[in-house]
Amino acid sequence: MSGFEFYMPTKIVFEQGAIRKVAKEGKVLGKKGLIVTDGPLLKTGILDPIFKDFKAEGMDYVLWSEIVPNPRDVDIECGAKFAAEEKIDYIVAVGGGSAIDTAKAIGAIKENGGKCNDWYEGNLKKKITPLICVPTTCGTGSEVTHESIVNNTVTMVKDCIWGPEVSAAVAILDPDVLVNLPKKILASTGIDALTHAVEAYVCKAANPFTDALAIYAIRLIGESLTEAVENSSNEAYVKMMAASCMAGAAFGNSDVASVHSIAEALGGYYDIPHGVANAMMLPEVSRLSIPGAPQKYADVARALGVHTEGMTTQQAAMAGVDYMEMLCRRLNIPKFSELDVVDPKDFERLATTAAEASETEDNPVLFDKQDFIDIFTRLYKK
Ligand SMILES: [Fe+2]
């Protein structure tokens, strides 16, 4: 193990019903808030308690609901212009990874000026605008990471505004918000959380602190993801909300790996939902990565509740990957070969993007462009 840093400045408020604490936390951060969310989520009424509390407290706020999945640089820059014109003091992001990443990037540009394109080198000068995150899925982990993933509309590649400046002030985790989340989204974002935890644990940048968070997150997800999706259990929602955040804290201080190298390439090019893209790749990429970290993949199997008694390390590692594959099927996540948008003519370009992704070098086994083409080709026929 080489040296490492662990950075987690975000205050976490975790409680059923915690959405009612947004106004209280907002008051601490300034006079005028910008609430960032997406249109469909706004229509569900999930933000109504926040609006009610802001009005009851006489707090000033404006709303920005132009969020799209796989957030684009141009939309973020419009949001930053709006934030500057409105002279807001802090931001409240309510939603999944897209809302939170958009809010972070808006805050980065508001405080540092320029455009998204100016800040992909880890070169921010000032902290982002003070931010409260209220995740409404159980996958992103972005409420505690130090990065914002941006869809670059010029290159059609995902870029990243990153650094310790990109940290939220507060994460408000309310498991009750998962109750009304469509099961399809609950399933795919839950697999995103599992992917974060597995990749944080097996990748080359892992350290003992991130290992502790990641392996416990895997255990919680093994205990609760199917239970949350199939039986809408409150206890399972609590475990999934905690696991998602722990996995975020783990990969934010370790890294993700080649499942994400591919998922980001697919998200940038085809606009496939991030959790679905991860789920399609997690079993195959993990299977190929076992030779680089067999013991760690065996640990993953045990944390997921797979019975590995009497197995060799290699067998246990494979059993864990088989379990992940079964989990994705059980949750009805589509296969790569079932997506209409996928065209084999694009594999070369997608593989180039995946091979050049920064997280590729931290995968337990280093894949090159041809390896990624082979993965796409094999999964396309499956
Ligand atoms: Fe992810």
Considering residues of segment 366-378 that are surrounded by 15 or more Cβ atoms within 10 Å (Cβ to Cβ) and under 23 Å from the mean Cα position of the chain (by Cα) only, the residue farthest from PRO334 (Cα to Cα) | PHE367
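Being more than 16 Å from the ligand (Cβ to nearest atom), closer than 18 Å to VAL94 by Cα and at pLDDT 95 or above narrows it down to one residue among SER167, SER148; which is it?
So the residue among SER167, SER148 that is more than 16 Å from the ligand (Cβ to nearest atom), closer than 18 Å to VAL94 by Cα and at pLDDT 95 or above is SER167.
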Give me the pairs: first residue in segment 334-358 and farther than 28 Å from ILE161 by Cβ, second residue charged (D, E, K, R) and surrounded by fewer than 15 Cβ atoms within 10 Å (Cβ to Cβ), beta-carbon distance under 6 Å, and six or more apart or on different chains, which are they?
-> SER337/LYS382
Among the numbered criteria (1) within 26 Å of LEU186 (Cβ to Cβ); (2) in a helix (DSSP H, G or I); (3) open to solvent by less than 60 Å² (accessible area, probe 1.4 Å); (4) in contact with a Ser or Thr (Cβ under 8 Å, 6 or more places away or on another chain), which single criterion is violated by ALA298?
-> (1)
Go through the residues of segment 317-325 one by one and say whether even a single one is open to solvent by 40 Å² or more (accessible area, probe 1.4 Å), in contact with a Leu (Cβ under 6 Å, 6 or more places away or on another chain) and under 26 Å from PRO182 (Cα atoms).
-> yes
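Can you name the residue in segment 44-54 that is assigned to a helix (DSSP H, G or I) and out of contact with any strand residue (DSSP E or B) (no Cβ under 9 Å at 6 or more places or on another chain) and, of all such residues, is most open to solvent (accessible area, probe 1.4 Å)?
Taking segment 44-54 and keeping what is assigned to a helix (DSSP H, G or I), we get 44, 48-54.
After this cut, where a residue has to be out of contact with any strand residue (DSSP E or B) (no Cβ under 9 Å at 6 or more places or on another chain) as well, the list is 44, 48-49, 52-53.
Values: THR44: 96, ASP48: 86, PRO49: 33, LYS52: 132, ASP53: 26 Å².
If we take residues in segment 44-54 being assigned to a helix (DSSP H, G or I) and out of contact with any strand residue (DSSP E or B) (no Cβ under 9 Å at 6 or more places or on another chain), then LYS52 is most open to solvent (accessible area, probe 1.4 Å).
This table checks each residue for (1) assigned by TED's automatic domain parsing to the domain that holds PHE367; (2) away from the ligand (no atom under 14 Å from the Cβ); (3) under 23 Å from GLU15 (Cα atoms).
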{"position": "THR189", "(1), (2), (3)": "yes, no, yes"}
{"position": "LYS204", "(1), (2), (3)": "yes, yes, no"}
{"position": "ALA228", "(1), (2), (3)": "yes, yes, yes"}
{"position": "ALA242", "(1), (2), (3)": "yes, yes, yes"}
{"position": "CYS245", "(1), (2), (3)": "yes, no, yes"}
{"position": "ASP255", "(1), (2), (3)": "yes, no, no"}
May I ask you to list the residues in segment 326-342 that are open to solvent by 40 Å² or more (accessible area, probe 1.4 Å) and hydrophobic (A, V, I, L, M, F, W, C)?
-> MET326, VAL341
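A quick yes/no check of all residues on (1) open to solvent by 20 Å² or more (accessible area, probe 1.4 Å); (2) among the β-branched types (Val, Ile, Thr); (3) in the same structural domain as HIS274 (by TED's automatic domain parsing):
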position: PHE6; (1), (2), (3): yes, no, no
position: LYS21; (1), (2), (3): yes, no, no
position: LYS24; (1), (2), (3): yes, no, no
position: ILE35; (1), (2), (3): no, yes, no
position: LEU42; (1), (2), (3): yes, no, no
position: PRO71; (1), (2), (3): no, no, no
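The values are calculated or read from the model by the stated rules, or taken from the named source; none is laboratory data. Keep in mind that what you see is a predicted model, and the values were worked out from it rather than measured. Positions of Cβ are backbone-derived with ideal geometry, glycine not excepted, and every protein chain shown enters the neighbour counts. SASA here: full protein model, heavy atoms, side chains in, ligands and nucleic acids out. Shrake-Rupley method; radii C 1.70, N 1.55, O 1.52, S 1.80 Å.
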